[in-house]
Amino acid sequence: MKVYPVIMAGGSGTRFWPLSRRTKPKQFLALAGDAPLLAATVRRLPPLARPADTYVVCGPSHVAAARKLVRELPAANFIVEPCARNTAPCVGLAALHVAAREKKGVVLMLPADHHIGRPEAFREALAAAAKLAAAGHIATIGIRPHAPETGYGYLKVGPRLPGKGRAGASAHRVERFVEKPDVVTAARYLADGHYLWNSGIFAFRADVILEEIRRAMPVLGEQLGAIQRDLGRPAYQRTLARVFPDCPSISIDYGVMEKSQRIVVVPADFGWSDVGSFAALPEVRETDHLGNVAEGDALVIDGRNNVVLAGKHRPVAVIGLDDVVVVDAGDAVLVCRKDRAQDVRKAVDELARRGRDEVL
């Protein structure tokens, strides 16, 4: 079965400031290895999918960098959004491009900024989801939780579908989507055994998702229809520039998936992390025997569970501290408690308010 991966490479990645900047967001950083996250996402797909069938969706300020990073993709496979409008318009626009090639083409929607520890198991789960999608389902991949994580959304697993997918993978109806819980609720979900982490990875036929968008978000459906009429014609760019900025800014989860009756989930475990903040780096980078990530010219003395990224500019020493993040980017330094790593965007917002664009 041919599949069409679509990698969502928008977003500003403000939780990784000062490493991430407007011109170099999270997906362009090598946070979980030697390769930037976007390049790693593209290169773990073969042999399940060919580069010729793989798309990247990004904004105009990032398309040149994305093309340089993944030169194996044809230039025409970079779908450029005129502006950021969240994932529902992004998914719809990508589905139009795939439908132009194959009306019932199976789309794999993948975030560009996740880490996968076991790529072969990942491809097996994607293949199972693709098989379900070809049959008309909207399939998502749910990650089996191993901790009461409060930074992820959850899926409540419903009845099991009859039969098994490729590689013996089972699938279930999704009873409901659940927002990020507090720690007590997350612990209850873990003990319950019927909840999975929401990976944000989906498989669906292009025609099915466009139909679901028209049903759940009729205004967006009409806007996508206007764009579709000019797809492949000289007027396409003008129509896209006129229509897309007026599309509702809403996630595909809120706008469509939570309202759909076609959602099924493939439970999986392939070493997944959404690398959501500096606090997640110990999951994807080497640590010392005390749980410290110390890279560049970094030194940790009498400290545990710290993330210290020194870069090449100067030595950075952390002494007698536990659970802190210290990042030296040369022109800016971040210091915060590890449990506040999700709040880095507050510093970005304040710097923007102060007009410090040179460090953003």
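The values are calculated or read from the model by the stated rules, or taken from the named source; none is laboratory data. As the structure is a computational prediction, the values presented were derived from the model and not from experiment. No Cβ is skipped: glycine too gets one built from the backbone with ideal geometry, and neighbour counts run over all protein chains shown.
Within the stretch 179-196, residues that are in contact (Cβ under 8 Å) with a residue 60 or more places away in the chain have Cβ atoms under 9 Å from residues that are charged (D, E, K, R) in these pairs: LEU196/ARG144; LEU196/LYS156, counting only partners at least 6 apart in sequence or on another chain.
A residue that is in contact with a Pro (Cβ under 9 Å, 6 or more places away or on another chain), of a type in the set (Gly, Ala, Ser), in a helix (DSSP H, G or I) and without any contact (Cβ under 8 Å) to a residue 40 or more places away in the chain cannot be found anywhere in the stretch 75-96. Counting only helices (runs of 4 or more DSSP H) that fall entirely inside the stretch 204-287 and contain at least 1 residues that are under 17 Å from the mean Cα position of the chain (by Cα), the qualifying elements are 252-255, 281-284.
Within the stretch 100-121, not a single residue is crowded, with 19+ Cβ neighbours inside 10 Å, among the hydrophobic types (A, V, I, L, M, F, W, C) and in a helix (DSSP H, G or I). In the stretch 199-242, of all residues being among the basic types (Lys, Arg) and under 20 Å from ASN86 (Cβ atoms), the one that is surrounded by the most Cβ atoms within 10 Å (Cβ to Cβ) corresponds to ARG214.
From the list VAL327, VAL308, VAL300, pick out the single residue that is assigned to a strand (DSSP E or B) and under 21 Å from PRO25 (Cβ atoms). On inspection, the qualifying residue turns out to be VAL327. Restricting the stretch 135-150 to residues that are in contact with a helix residue (DSSP H, G or I) (Cβ under 7 Å, 6 or more places away or on another chain) and farther than 16 Å from ALA191 by Cα leaves a set whose member that is surrounded by the most Cβ atoms within 10 Å (Cβ to Cβ) is ALA139.
Tell me, please, whether a residue that is part of a helix (DSSP H, G or I), at negative phi and touching a strand residue (DSSP E or B) at 6+ places or on another chain (Cβ under 8 Å) can be found in the stretch 331-341. The answer is yes; a qualifying residue exists. Just so you know, in the stretch 1-19 the residues that are out of contact with any strand residue (DSSP E or B) (no Cβ under 8 Å at 6 or more places or on another chain) and not polar (S, T, N, Q) include one that is modelled with the highest pLDDT, and it is PHE16. Filtering the stretch 50-65 to residues that are in a loop (DSSP other than H, G, I, E, B) and closer than 20 Å to LEU93 by Cα leaves THR54, GLY59, PRO60, SER61, HIS62. Just one of the listed residues (ARG22, ARG67, ARG43) is at pLDDT 95 or above, under 30 Å from GLU286 (Cβ atoms) and under 19 Å from the mean Cα position of the chain (by Cα), namely ARG43.
Just to be sure, is ALA235 assigned by TED's automatic domain parsing to the domain that holds ALA216 and out of contact with any helix residue (DSSP H, G or I) (no Cβ under 7 Å at 6 or more places or on another chain)? So ALA235 passes the test. In the stretch 310-353, the residue that is surrounded by the most Cβ atoms within 10 Å (Cβ to Cβ) out of those that are in contact with a Ser or Thr (Cβ under 7 Å, 6 or more places away or on another chain) and under 19 Å from PRO282 (Cβ atoms) is VAL344.
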